[in-house]
Every structure is written in C-alpha cells, then in structure tokens.
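Worksheet: one structure, shown below.
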Amino acid sequence: MTKEEKINVVAELTEKLKANNNFYLTDASGFTVAQVNNFRRLCFEKGIEYKVYKNTMIKKALESLDADYSSLDEALKGFSGVIFSEEIANLPAKVIKEFRKKQGGEKPVLKAASIDTDVFIGEEHLTTLSDLKSKQELIGDVIALLQSPAKNVISALKSGGNTLAGLVKTLSEKEN
C-alpha cells in the first residue's frame, strides 16, 4: 500500500468515526473467510458496518478526532476490526453476542468500545453494553412513566362512573 493510499484510508476512517458516535473494536483473528463473511453479512443485515483496519491507521484516525482516545492504545494490538453504529449504541454488542450464539464460539472478542466518547475496554463489558438502552427506548420509557398516572386516573373515573356521579351528588347535597 502506497503512502497516498494509506493517507486516503486514514481520512476515510476519520470521517466514519466522526459520522458514527458509537464504534466497537473487535478481535476476530482465527476466523475463516466464511466466518468473516458471515459476520459482515449479519452486521449489514442489522444496519451496522464491520471493517478491518491496521492498528496504526486506527490510531492516526483517532488522533485526528476532537476527543481523547489515548486510552484505546492498549486495545490496538493484534488483529483489529471496527464496527460502526451511527445511532444505536448497544446494537454492535447484541450482534456480537448473536453471532457467538449461532457459531458456538467466543469470537469476535470485544477489545474496546466507544459510546458517545465514553470508552469501555475489555471483553467483560460486552454484557453491560448489550443491555444499554437506546435513546429511543429511554424516551419511550419516560413517556410511559409520564402517561401512567394520567391513565390510572382516567381508568378510575371511567370504571366507577355511576359511583363517582353518585358520590359527587351526595357530597353536594350534604353541604346544603
């Protein structure tokens, strides 16, 4: 690869990292070509992208970003693939777990992840990351919580319509 080609790859990777708030670094070393293709296909089907880059290129692309990703240096050793996810932070973790379940193995291994510039290093964070709720899920939960008291009042009013009307009439007559 010529120097110009490397510069182009780093520039392309930098743009992808800027466009995607969430990315995961994985190690899929030892995969056969068929396994890599199956993993890429699963990522594509779920709406995320998986690409393999040289560690030096990933480091250069990360250095050109506004945030400090120096803590990822220890994860950038050996074979490194990057999974990009624009909106849904937990989707790559779910895809990794799903692929492992289908293949019956322990690969790909999560080396690190960046969720809105928060860095998680190590395989032990995979379950935590897969359990994260997306922005849309959190908004839905908040709306459901806000609607719950109003729904309870309305259903109570509807269920005891005759009783409530009688109660109001009795109370109004007592005051007279």
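Throughout, read-outs are computed from the coordinates displayed, never taken from laboratory work. Since this is a predicted model, take the numbers as computed values, not measurements. All Cβ positions, glycine included, derive from the backbone under ideal geometry; neighbour counts span all protein chains shown.
Under the combined filter of DSSP loop state and at most 16 neighbouring Cβ atoms within 10 Å, the range 45-79 retains these trypsin sites (Lys or Arg not before Pro): 54, 77. Is the range 1-46 best put as rounded, prolate or oblate by its Cα gyration tensor, with a ≥ b ≥ c the root eigenvalues, rounded for a/c under 1.5, and otherwise prolate when a/b is larger than b/c, oblate when not? The shape class here is oblate. The calculated 222 nm mean residue ellipticity attributable to helices in the chain amounts to -18000 deg cm²/dmol, summing -39500 (n - 2.57) over DSSP H runs of n ≥ 4 and dividing by all residues.
Helix 91-103 and the long axis of the chain differ in direction by around 70°, with both axes built from C-alpha atoms. Annotation: the chain has a Kirkwood hydrodynamic radius of 19.3 angstrom, from the mean reciprocal C-alpha pair distance. Each Lys and Arg adds +1 at its Cβ and each Asp and Glu adds -1 at its Cβ; summed about the Cα centre, the chain shows a dipole of about 640 debye.
Legend: distances between Cα atoms for 18/59; 59/97; 3/59; 46/77; 59/135; 51/77; pairs beyond 20 Å are 59/97; 46/77; 59/135.
In order along the range 128-141, phi translates into HN-Hα couplings of 4, 5, 6, 8, 4, 8, 6, 4, 5, 5, 5, 4, x, 5 Hz, rounded to whole numbers, per the Karplus curve 6.51 cos²θ - 1.76 cosθ + 1.60 with θ = phi - 60° and x for Gly and Pro.
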